[in-house]
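First up is the structure itself, then whatever we jot down about it.
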Amino acid sequence: MRPSPVLALVAVLAAAGCSAGGVNPAKLIEPKVSVRTIAVRNVGLAGGTLEVAFAFHNPNRFSLTGAGLTAALAIEGKKFGDVVLTSPFTLAGTDTTVVTVPLNFSWSGVGGAARSVLNSGAVNYGVDGSFTVKLPANAGDLAVPFTGSGMIPLLKP
């Protein structure tokens, strides 16, 4: 008996669905994110710029494309500002990728007490946000929320 062309097509499509490009979104393991470093880049009379380095760990065996990131950063319990990244980034499979995002702040927005915080060696931080991952095979986007807190050295120029 000769195999049916329909069965052959189903077998080909099933095999294609098992490749990295046809990942079942339900089986995707969500990447984890944490803050790796916070660095002071410049400080002026009106405010300054911090660089926040986010470490994304992708536990999947295939690369993912990050499509965006938004997060609110607090230092010593005071909101410093929001970071927004709209350019794409690649998360290598079974690896950690560091993505650095600038955060501009104003002294009027963070208060005068923040100046002393920026002169310290380490700070307590809190971050609350989400990032978007493009799913393989045009399966759409996945929004991954994250929160984190801890103490981290404050890097200075």
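As a calculated quantity, the FRET efficiency between residue 124 and residue 84 at R0 = 22 Å, using C-beta atoms, amounts to about 0.45.
Candidate cross-link partners of residue 156 among the lysines, defined by an alpha-carbon separation under 20 Å and a same-chain spacing of 8 or more, comprise 78, 79. Scanning residues 5 or more positions from residue 135 or on other chains, those with amide H under 5 Å from its amide H are 140, 141, 142, with H placed 1.01 Å from N in the peptide plane. Applying the Karplus relation 6.51 cos²θ - 1.76 cosθ + 1.60 with θ = phi - 60° to region 93-106 yields 3J(HN,Hα) values of x, 6, 8, 10, 10, 9, 10, 9, 10, x, 10, 8, 9, 10 Hz, where x marks Gly and Pro. Computed over all pairs of different Cα atoms, the Kirkwood value for the hydrodynamic radius of region 25-155 is 15.5 Å. The percentage of C-alpha pairs in region 38-106 whose separation is greater than 15 Å is 58%.
I want to make sure I understand the PRE zone here: with the label point 7 angstrom from the Cα of residue 106 toward its beta carbon, which residues in region 34-49 have backbone N atoms less than 15 Å away? Within reach of a label on residue 106, which here means backbone N under 15 Å from a point 7 Å along Cα→Cβ, region 34-49 contributes 44-49. With the convex hull constructed from alpha-carbon coordinates only, region 92-157 shows a mean projected area of 6.7 nm² over all directions. On the beta carbon distance between residue 49 and residue 137, with R0 = 30 Å, the FRET formula returns roughly 0.20.
Laboratory data are not the source of any read-out in this text; all were calculated from the coordinates shown. Note that this is a predicted model, so its numbers are computed, not measured. No Cβ is skipped: glycine too gets one built from the backbone with ideal geometry, and neighbour counts run over all protein chains shown.
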